[in-house]
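Since the structure comes first, as structure tokens, the remarks are kept for the end.
The values are calculated or read from the model by the stated rules, or taken from the named source; none is laboratory data. Keep in mind it's a predicted model, so treat the numbers as computed, not measured. Positions of Cβ are backbone-derived with ideal geometry, glycine not excepted, and every protein chain shown enters the neighbour counts. For accessibility, only protein heavy atoms count, side chains too; no ligands or nucleic acids. Shrake-Rupley method; radii C 1.70, N 1.55, O 1.52, S 1.80 Å.
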Amino acid sequence: MEQRKRNTFGKFSRSKSADKNRVVQITFKWLNDGRKLEDSPQVGLRNDHGNYVYEYLDVGAEAELEGDNTSDVSKSWTIERRIVEWNILSEGMYCCTCKCPLHLSDIVGERLFGLGGLLMVDCKLCHTVTDVHFGKRGPSGSYDINTKASIGMIHAGMGPTHLQNFLAECNLPSITESTLRKKEKELSGQIKNVTIQSCNMAQREEKSLSTNGNIEASFDGGWQKRGSSWNYNSNTGHATFIGKETGKVLSFDLRSKTCKICEFHQNKKETVPEHECHLNWHGSSKSMEADMAVATAHRLKDDECEINVIHADNDASTTARLEVEFGNIQKKDDQNHVKKGLSTSLYNISKSYKELQKDETKQYILRCFMYAIKGGDNEDDIKIGLQRIVPHIFGSHENCKDADWCSYHQNPEKFMYKSLPNGKPLKSEGLKVELNNLVTKMIGRSNSLNDLGSTQSNESFNQLVSVKAPKSRHYGGSCSLQNRLSAAVLQKMKDMATYPR
Ligand SMILES: [Zn+2]
Ligand SMILES: [Zn+2]
Ligand SMILES: [Zn+2]
């Protein structure tokens, strides 16, 4: 076979002049299954059998015709690609009998085990056939590449079918689904241990960075099924505590209402054999979060990393349970959740009051609330800010004098509300009462509204989980979800180490 020229960067030359020097060689991107089959047994589909073939065009296959090519198409090693560890291959390329070097051109057979395998090479001198492995093997004799492929699958958020499709397109050998699942199961213990160790390291780091040993962490849960706070019906859920200083996952937990192994045997009406069961939740999906919060917080306490201040959303049941178990835990509301809560309240009020029906109006009132909450330096500031909202939108601006967001006092005669209907103040007395009730409710919480926490890092973590275990696919009920959650934790650790806060 003629050696292709490389340019100064080590890339194969693609220049026209170089091609001209090769007499019968043509580079082309189309499949000539019908037309040039006689003189090109190795082209296109026969060479790269992917799924994306359209009108003789084999997308991505750039086959080169060699005039003197006489290889047999049926020999899979001559047409497919292999993942080869050169070091292993070169060490093995010696005859097992006469110790003479072997040649790759003398391959007479091949045995594949997933992505790994061995070549059978004939010795030119003594004609003994030697088995040459082209990949590293573990103590059990299994090829490392298959395990690595399984890890890669978890890390990339793919399932066995995706990996198989990927391999097929690359024209690499395939790994069966059962092998991939077996490997994943074998790995799950190790992945879990590594993840727990890495969490323990994050705990120590968070502790050393905290002020006066007061550990602040944000808590939030996620579900493997799409759903807002009104729609929890997922079979699986996870939750994390993320350190305020490090941004790393201090601890995490997982709840599953199903176990695939249990289900399999129950469907066949058999007794379920002993197995590592993934079913660990019998309650409602909604109550998972509170349970995970308590369990995780206890585990952190046992690890001598007790959380003193928690940033969490407004889910009352979670906070209530944490307060029962940990009397002196302090809670900071999450800004976004406060906003969401207010938005919901306004929406509910708007159902009974016409004046509030326009989205613009609701948005404006929500903004007024958020100004008051964010603008206050202390609890009293927030109270004063909240108290002037209702008078302001109902047309009395006595309290607005030192509020820079209200322009009434700059020019009282020409003052208009940009976002209220017709630029006029609201009138409905009933609405005024409702809004005042909302203000009173918020004032009652002004303590926790001061210095709001953030669960943003938990939300971005949940995003990461949804990449590793997409909600559209069901990985729950098996070790796969645990592995994918662990993979997300490890990724978060790595991300925070690369881009610290
Ligand atoms: Zn030999
Ligand atoms: Zn089970
Ligand atoms: Zn005003």
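Quick one: compute the contact order of the stretch 385-501, relative version, from alpha carbon pairs under 8 angstrom and 6+ residues apart, as a percent.
Numbers: 53 pairs, mean separation 20.9, N = 117.
Relative contact order for the stretch 385-501 comes out at 18 percent.
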> Once amide H atoms are built 1.01 Å from N in the peptide plane, which residues 5 or more positions from GLY109, or in another chain, come under 5 Å H to H?
Replying inline: MET120
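Apply 1/(1 + (r/R0)^6) to the Cβ-Cβ distance of ASN212 and LEU366, taking R0 = 30 Å, and write down the FRET efficiency to the nearest 0.05. Don't jump to the answer; show the numbers that get you there.
Working: r = 36 Å, r/R0 = 1.21.
Plugging the Cβ-Cβ distance into 1/(1 + (r/R0)^6) gives 0.25.
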> How big is the stretch 256-373 by the Kirkwood estimate over distinct Cα pairs, in Å?
Replying inline: 18.2 Å
>> Taking θ = phi - 60°, what integer Hz values does the Karplus form 6.51 cos²θ - 1.76 cosθ + 1.60 yield along the stretch 266-280, in sequence order, with x for Gly and Pro?
In response: 5, 4, 8, 6, 9, 6, 7, x, 5, 7, 6, 7, 9, 7, 9
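Take every Cα pair under 8 Å in the stretch 337-449 that's 6+ residues apart, average their separations, divide by the length, and report that relative contact order as a whole percent.
Values: 87 pairs, mean separation 30.6, N = 113.
It rounds to 27 percent for the stretch 337-449.
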> For labels at LYS148 and LYS401 in the simple 7 Å Cα→Cβ model, what's the distance in nm?
Replying inline: 7.5 nm
> Taking a 1.4 Å probe, which of ARG255, ARG111 shows the most accessible area, and what order do the others take after it?
Replying inline: ARG111, ARG255
> What order, most packed first, do the peptides 362-368, 101-107 have when packing is the mean number of other Cβ atoms within 10 Å of each residue?
Replying inline: 362-368, 101-107
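In the stretch 73-189, carbon and sulfur make up what percent of the accessible area (probe 1.4 Å)?
Using a 1.4 Å probe with all protein chains present, the stretch 73-189 comes out at 58 percent carbon and sulfur.
Set the Förster radius R0 to 30 Å, insert the Cβ-Cβ distance between GLN456 and ASN200 as r into 1/(1 + (r/R0)^6), and round the FRET efficiency to 0.05.
Numbers: r = 24 Å, r/R0 = 0.80.
Efficiency for this residue pair is about 0.80.
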> How long, wide and thick is the stretch 75-173, going by the Cα atoms along their three principal axes, in whole angstroms, largest first?
Replying inline: 49, 30, 17
> Any idea what the dipole of the stretch 337-449 comes to, in debye rounded to 20, about its Cα centre with Lys/Arg Cβ at +1 and Asp/Glu Cβ at -1?
Replying inline: 480 debye
> Can you list residues whose amide H is under 5 Å from GLY477's amide H, if they're 5+ apart or on another chain and H is modeled 1.01 Å from N?
Replying inline: THR258
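Using mean Cβ contacts within 10 Å as the protection proxy, how do 448-454, 121-127 order, highest first?
448-454, 121-127
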> Sequence-distant or interchain residues sharing an amide H contact under 5 Å with HIS311, placed H: which?
Replying inline: ALA217, SER218, PHE219, LYS332
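Compare LYS148, LYS269 by solvent-accessible area with a 1.4 Å probe and give them largest first, with all protein chains kept in place. Mind dumping the intermediate values first?
Details: LYS148 130, LYS269 180 Å².
I get LYS269, LYS148, largest accessible area first.
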>> What number comes out for accessible area per residue over the stretch 75-173 if the probe is 1.4 Å? Units Å², please.
In response: 52 Å²
>> Taking θ = phi - 60°, what integer Hz values does the Karplus form 6.51 cos²θ - 1.76 cosθ + 1.60 yield along the stretch 482-492, in sequence order, with x for Gly and Pro?
In response: 4, 4, 5, 5, 4, 4, 5, 4, 5, 5, 4
> How much of the calculated P(r) for the stretch 337-449 lies past 20 Å, in percent of all Cα pairs?
Replying inline: 37 percent
> Mind listing the phi-derived Karplus ³J(HN,Hα) values for the stretch 240-250, rounded to whole Hz, using 6.51, -1.76 and 1.60 with θ = phi - 60°, and x for any glycine or proline?
Replying inline: 9, 9, 10, x, 5, 7, 8, x, 9, 6, 7
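Sequence gap at least 6, Cα distance under 8 Å: using those rules, report the relative contact order of the stretch 75-173 to the nearest whole percent.
On the way: 141 pairs, mean separation 26.9, N = 99.
Rounded, it is 27 percent for the stretch 75-173.
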>> Using a 7 Å offset from the Cα along the Cα-to-Cβ direction at both ASN308 and LYS432, what is the distance between the two label points in nm, to one decimal?
In response: 4.7 nm
